[in-house]
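Reading through the structure tokens given below for one structure.
The values are calculated or read from the model by the stated rules, or taken from the named source; none is laboratory data. It should be emphasised that the depicted structure is a prediction, and the values quoted were computed from it without experimental measurement. Glycine gets a Cβ as well: all are built from the backbone with ideal geometry, and neighbour counts include every protein chain shown.
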Amino acid sequence: AQSVTQLGSHVSVSEGALVLLRCNYSSSVPPYLFWYVQYPNQGLQLLLKYTSAATLVKGINGFEAEFKKSETSFHLTKPSAHMSDAAEYFCAVNTGNQFYFGTGTSLTVIP
Amino acid sequence: ETGVTQSPTHLIKTRGQQVTLRCSSQSGHNTVSWYQQALGQGPQFIFQYYREEENGRGNFPPRFSGLQFPNYSSELNVNALELDDSALYLCASSSPLAGVNTEAFFGQGTRLTVV
């Protein structure tokens, strides 16, 4: 079964510091990977998606992710954290009729 | 273009009762999926509806059922509620050309509490 693993359920960074949220996938073929963000008491919002056109994917709010097949990873990064980035982040893989989500990483931004 | 809307936003039910949650899909989307998100967990796939037919189901018991209407809105019904059914229920819609590289658009969710 296709699945994703998010390493680190909680990540804290200082405002202005690099954000790195980790996601590894398991699959025998290149999966279709997504990052979603969830703000408190809200639904999920798409940050970015990998579509095989490019290994470095740029998303909204300054986030980007790099697909590395050799490492089966799709880590999410942002060069400089803002207070507004504090949220829950989910990596997911789409199998066609359903998304499999990781357990999520809660990002705290320290002023 | 309207987004995915869900109602109600919050709901409290008693164990053993039945509940119906509603979802209006984004304009032009004919595929609706439902997810259960327990506290501190990622969303878990319940089922998907495409053109009023169930098109895939996750590992949920039959007391979780759904409907999709001709206007592509959808309902999630849960019978014989259990305490563990307490969760955020998310509805997601996707475009008619949905494939593995197509994102789903999520509603804000319905927070169900079973007491």
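Could you check, for the range B:7-17, whether at least one of its residues is more than 12 Å from the chain's Cα centre (by Cα), more than 10 Å from chain A (Cβ to nearest Cβ) and of a type in the set (Val, Ile, Thr)? Looking through the range B:7-17, at least one residue is more than 12 Å from the chain's Cα centre (by Cα), more than 10 Å from chain A (Cβ to nearest Cβ) and of a type in the set (Val, Ile, Thr).
Looking only at the range A:4-51, residues that are of a type in the set (D, E, K, R), more than 9 Å from chain B (Cβ to nearest Cβ) and not in a loop (DSSP other than H, G, I, E, B) come to 1 in all.
If the condition is being free of Cβ contacts under 8 Å to residues at least 24 places away in the same chain and touching a Leu at 6+ places or on another chain (Cβ under 6 Å), then the range A:61-85 contributes only A:66.
The single residue among B:56, B:42 that is surrounded by 14 or more Cβ atoms within 10 Å (Cβ to Cβ), on the phi > 0 side of the Ramachandran plot, modelled with pLDDT of 90 or more and within 11 Å of chain A (Cβ to nearest Cβ) turns out to be B:56. In the range B:19-39, the residue that is surrounded by the fewest Cβ atoms within 10 Å (Cβ to Cβ) out of those that are of a type in the set (A, V, I, L, M) and closer than 26 Å to residue A:3 by Cβ is B:39.
The single condition from (1) more than 9 Å from every other protein chain (Cβ to nearest Cβ); (2) at pLDDT 95 or above that residue A:54 fails is (2).
On the stretch given as the range B:1-18, residues that are of a type in the set (A, V, I, L, M, F, W, C) and surrounded by 18 or more Cβ atoms within 10 Å (Cβ to Cβ) total 1. Looking for something in a strand (DSSP E or B), of a type in the set (A, V, I, L, M, F, W, C), within 14 Å of chain B (Cβ to nearest Cβ) and under 17 Å from residue A:5 (Cβ atoms) - is there at least one such residue anywhere in the range A:72-84? Yes, there is a match, as at least one residue in the range A:72-84 is in a strand (DSSP E or B), of a type in the set (A, V, I, L, M, F, W, C), within 14 Å of chain B (Cβ to nearest Cβ) and under 17 Å from residue A:5 (Cβ atoms). Quick check on this structure: which one of B:22, B:63, B:111 is over 23 Å from residue A:36 (Cα atoms), charged (D, E, K, R) and at pLDDT 95 or above? B:63 is the lone residue from the list that is over 23 Å from residue A:36 (Cα atoms), charged (D, E, K, R) and at pLDDT 95 or above.
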